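One structure below.
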């Protein structure tokens, strides 16, 4: 099973981002993320044996509870940078307890022999990936002309374990378990 841990977006945030993507998609031929798949990843697990799924759920349930998190979606950026764009992302502003949650989730997973994260945690929403050298002039111009890069904020009260199934039509995410952020 291919797994990851993350935060869900409520309907209102998905709707705001859906309107944004509706405006941006015609401007460049990128591999656009389906709105239904948008989430904030806190830990990518990768392949994990289905026979040990209950063990993983128990470990995630024991992750220290940071309390509810207020998550804001603001700004659009290119990864790794604007000079060598490969991924278009929406920025996430959150309290430091989101980073703590990611660190504690990673620690719980390491105890199950899941590889630790090598990079520092930088929360974001992946909106699109470049397939090749796609011209981005029109897309970048449209982004620069947006009246606002504030897409809203929401309280996160749970984090989730997801399965990611790769299909020819794209990834399908299935929520396998949910864990409260408060004790």
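The numbers here are math on the coordinates, done by the rules we state, and not lab data. What you see is a predicted model; the values in this text were computed from it and never measured. As a convention, Cβ positions derive from the backbone with ideal geometry for all residues, glycine included, and neighbour counts pool all protein chains shown.
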Let me make sure I get this right: for segment 111-178, a, b and c are the square roots of the gyration tensor eigenvalues over alpha carbons, sorted descending. Under 1.5 in a/c it's rounded, otherwise prolate if a/b > b/c, else oblate. Which is it? prolate
Taking only Cα atoms and a 10 Å spring cutoff, compute GNM fluctuations for the chain and point out the largest among 70, 14, 131. 131
State whether segment 1-45 is rounded, prolate or oblate according to the following rule on the C-alpha gyration tensor (a ≥ b ≥ c being the square roots of its eigenvalues): a/c under 1.5 gives rounded; otherwise a/b larger than b/c gives prolate, and the remaining case gives oblate. oblate
May I ask you to sort 171, 148 by Cβ crowding, counting other Cβ atoms within 10 Å and putting the fewest first? 148, 171
Label assignment, semi-axes √(5λ) of the Cα gyration tensor in Å derived from the structure, set [x] 43, 16, 15; [y] 30, 19, 15; [z] 21, 20, 18: [y]
Classify segment 72-137 as rounded, prolate or oblate from the Cα gyration tensor: take a ≥ b ≥ c as the square roots of its eigenvalues, call it rounded if a/c is under 1.5, otherwise prolate when a/b beats b/c and oblate if not. oblate
Nearest-ten-degree value, helix 11-24 long axis tilted from longest Cα axis of the chain: 30
So how tilted is helix 96-110 from the main axis of the chain? Cα-based, degrees 0 to 90, rounded to 10. 50
Exposure proxy order (Cβ contacts within 10 Å, fewest to most) of 159, 179: 179, 159
21, 161 arranged by Cβ crowding within 10 Å, fewest neighbours leading: 21, 161
